[in-house]
Amino acid sequence: MSQLPWHDALTTELAQLQAQQRYRRTMVREGAQGPRVVVEGKTLLSFCSNDYLGLAADPSIRAAFCQAVAEEGVGAGAAHLLGGHSQYHHQLALALAAFTGQQRVLLFSSGYQANLAVLAGLLTAGDSLIQDKLNHASLLDGGRLSGATMRRYPHLDMAALQRRLTAVDSHTRCMIATDGVFSMDGDTAPLAEIMSLADQYRAAVLVDDAHGFGVIGHEGRGTVSFSQWTGTMPIQVGTFGKAFGT
């Protein structure tokens, strides 16, 4: 059996987490996702699901999945650029662009990967990234990966955001990143104010709308729609793992 050289130290740290009641483990759920779930033999009322609209076990969506598997199989076979971009990927991207009002949509395996790709792809060393203090970890990790200078402002504090923007060299690229709906507290970013400041200081804006898509805005279009902003569109990152149920 393989064992890390620092196995004993890890064992001690895990024991400390258990003593502090901070040790977490996976629990096995049986059957479909729903308001009531069976976990390790017990029927429980679930308060921890992100399946906001109850679509994870919706019969029509399950049928569509089965049809797609019957037609396309269960794997893409390659990266998107090397032949793995199917007709269903293409149709989905077009439908999402029309739904959100964006020019184009790119698909990733997860929202976490999308945030990493957007930030690392658009920013580099010498650029500036300004983030809300309570942003999701994927935005922070993407910022670190990009190499950009990262500054954070107190949660939803627009005066502090403006001070951070004022301190940025106007000759460098700058991006503001924020959650749309903050997952821990449920509050929403004042996106119209953020977009106005971004226009004033020539900054781009990235909105992680994982918890906004399908929930707020006109017909569930998310935080941009909810804010009633009508100017230049921000970059929106969403996920199907929450309200869309997949």
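Structure summary
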| read-out | value |
| --- | --- |
| In region 180-211, the residues that are modelled with pLDDT of 95 or more, under 17 Å from the mean Cα position of the chain (by Cα) and either of a type in the set (S, T, N, Q) or not in a loop (DSSP other than H, G, I, E, B) (or both) | Val181, Thr188, Leu191, Val205, Leu206, Val207, Asp208 |
| Options Val168, Val215: the member that is more than 25 Å from Ala98 (Cα to Cα), in a loop (DSSP other than H, G, I, E, B) and in the same structural domain as Leu123 (by TED's automatic domain parsing) | Val168 |
| Verdict on Ala137 being assigned by TED's automatic domain parsing to the domain that holds Met195 and within 19 Å of Thr188 (Cα to Cα) | yes |
| Count - residues of region 40-57 that are on the phi < 0 side of the Ramachandran plot and surrounded by 13 or more Cβ atoms within 10 Å (Cβ to Cβ) | 10 |
| Residue within region 200-207 that is farther than 24 Å from Ala137 by Cα and in contact with a helix residue (DSSP H, G or I) (Cβ under 6 Å, 6 or more places away or on another chain) present | yes |
| Subset of region 119-158 (residues that are part of a strand (DSSP E or B) and β-branched (Val, Ile, Thr)) | Ile130, Thr149 |
| Which numbered condition Gln162 misses (of (1) under 20 Å from Ala114 (Cα atoms); (2) part of a helix (DSSP H, G or I)) | (1) |
| Residue that is modelled with pLDDT under 90 and assigned to a helix (DSSP H, G or I), where the choices are Leu116, Leu92, Leu81 | Leu81 |
| Residue match in region 168-182 (condition: of a type in the set (Ser, Thr, Tyr), in contact with a Phe, Trp or Tyr (Cβ under 7 Å, 6 or more places away or on another chain) and surrounded by fewer than 17 Cβ atoms within 10 Å (Cβ to Cβ)) | no |
| Given (1) in contact with a Lys or Arg (Cβ under 6 Å, 6 or more places away or on another chain); (2) surrounded by fewer than 19 Cβ atoms within 10 Å (Cβ to Cβ), number of the condition Arg164 does not satisfy | (2) |
| Any chance Ala177 is closer than 18 Å to Thr100 by Cα and either outside the structural domain of Gln113 (by TED's automatic domain parsing) or at pLDDT 95 or above (or both) | no |
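Every residue, every condition in (1) outside the structural domain of Gly217 (by TED's automatic domain parsing); (2) of a type in the set (Val, Ile, Thr); (3) under 27 Å from the mean Cα position of the chain (by Cα), yes or no:
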| position | (1), (2), (3) |
| --- | --- |
| Ala32 | yes, no, yes |
| Glu40 | yes, no, no |
| Leu53 | yes, no, yes |
| Val69 | yes, yes, yes |
| Val74 | yes, yes, yes |
| Ala78 | yes, no, yes |
| Leu96 | yes, no, yes |
| Gly101 | yes, no, yes |
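The values are calculated or read from the model by the stated rules, or taken from the named source; none is laboratory data. Since this is a predicted model, take the numbers as computed values, not measurements. A quick note on method: Cβ atoms are made from the backbone with ideal geometry, for glycine too, and the neighbour counts reach across all protein chains shown.
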